[in-house]
Amino acid sequence: MQIHRPTTLNHALDLMADSAPPPTPIAGGTDLLVSWHHRPKDDLALLDLSLLTELRAFRLTDEFLELGGLTTYWQVIESAEVSQAFPLLAQAARQVGAIQIQTRGTWAGNIANASPAADGVPVMMAYDAVVVLQSRDGTTEVPLDQYYTGYKQSVRRPEQLIRAIRIPRRQRAFEYFHKVGARSAQAIAKVGVAMVKDAHGWRVAANSVAPFVCRCPALEAALDAGQSFSSPAEIADILSADISPIDDLRSTAGYRERVLSRLIYFRLEEREKRKEKREK
Ligand SMILES: Cc1cc2nc3c(=O)[nH]c(=O)nc-3n(C[C@H](O)[C@H](O)[C@H](O)COP(=O)(O)OP(=O)(O)OC[C@H]3O[C@@H](n4cnc5c(N)ncnc54)[C@H](O)[C@@H]3O)c2cc1C
């Protein structure tokens, strides 16, 4: 096995461009090493990103948050400013594995691994994140909600790295994230949802209910139209156009569908009640 350890982004991009096939990037390794036994045995080449310090930092401005290609969950948890500006990021980060994983695991790795159960992806998607992909030939920006093309498939070409993830900073009227697992920590999501309302309208992103983390455009349209709901079943009806849950070792399609619609219904109901109370 060959391990490349570039110390600059340009060197890393050269290595990606000049090898066929390009080496597999490794950031925190918390997904890659779990699937180690399934790696191709021949000609495996890794591109260790850990020395690319230029990808480690995040940047918070008045307009956006830019997470670097190596920014970890822990960096977000530790930053009071980021946690305040983007509470759902910090909330999701605290629910990824335990501290050992939070200090190694990266937001970019969560996106690139393309698991339908990824916890970082729904919150970034609901916040309208854009993935900045870079190769030696240049940079492309892809909205995260257009990044996935199928189960474990994405628009990222093998010679591209995720250099950054950019999230616009906006006033929000509502934001919510909830993860349901077999226990309250150290569990992969059976189902999860992130919801955001801002001047651009509603965004609802869910995990573990489709081949990849997805937005729920039918429900978003209903919310944007000001529709209110009298039962979780009404929401489930609308969501049937958005999601395609399956039975697997963690849960069943029926459970996922019921729980997702209830999470959304009861959170919206609570929001209405709070609004009424304020108006009294
Ligand atoms: C015990 C344990 C618990 C976990 N719990 C959770 C959980 O609760 N929720 C959750 O969502 N995940 C969980 N995970 C999965 C994992 O920790 C996250 O998905 C993490 O974000 C992966 O980041 P990483 O840097 O470790 O990625 P790596 O393992 O280094 O890489 C993952 C994939 O992304 C690619 N990649 C990494 N960085 C880049 C880049 N910059 N550009 C292009 N490709 C890149 C790699 O080639 C690989 O295909 C858990 C893992 C473990 C071992």
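The values are calculated or read from the model by the stated rules, or taken from the named source; none is laboratory data. Owing to the predicted nature of the structure, the values given are computational and were not obtained by experimental measurement. Counting neighbours? That spans all protein chains shown, and the Cβs are built from the backbone with ideal geometry, glycine included. Keep in mind that these areas ignore ligands, DNA and RNA; they rest on the heavy atoms of the full protein, side chains included. Shrake-Rupley method; radii C 1.70, N 1.55, O 1.52, S 1.80 Å.
A few points about this structure:
- Taken over region 7-28, the criterion of being near the ligand (Cβ under 7 Å from one of its atoms) and either in contact with an Asp or Glu (Cβ under 7 Å, 6 or more places away or on another chain) or open to solvent by less than 40 Å² (accessible area, probe 1.4 Å) (or both) is satisfied by Pro25, Ile26, Ala27, Gly28.
- Residue match in region 129-148 (condition: open to solvent by less than 10 Å² (accessible area, probe 1.4 Å), in contact with a Ser or Thr (Cβ under 6 Å, 6 or more places away or on another chain) and away from the ligand (no atom under 11 Å from the Cβ)): yes
- When the residues of region 29-65 are filtered to those that are away from the ligand (no atom under 11 Å from the Cβ) and open to solvent by less than 30 Å² (accessible area, probe 1.4 Å), the one that is modelled with the highest pLDDT is Leu65.
- Condition broken by Lys277, with the remaining ones in (1) surrounded by 15 or more Cβ atoms within 10 Å (Cβ to Cβ); (2) over 23 Å from the mean Cα position of the chain (by Cα) satisfied: (1)
- In region 155-187, the residues that are within 16 Å of Ile111 (Cα to Cα), part of a strand (DSSP E or B) and basic (Lys, Arg): Arg163, Arg166
- Enumeration of residues in region 188-216 that are assigned to a loop (DSSP other than H, G, I, E, B) and surrounded by fewer than 23 Cβ atoms within 10 Å (Cβ to Cβ): Ile188, Lys190, Ala199, His200, Ala210, Pro211, Phe212
- Residue, modelled with the lowest pLDDT, within region 225-271, restricted to residues that are among the acidic types (Asp, Glu) and exposed (fewer than 12 other Cβ atoms within 10 Å of the Cβ): Asp247
- Residues in region 83-110 that are without any contact (Cβ under 8 Å) to a residue 12 or more places away in the chain and basic (Lys, Arg): 0 in all.
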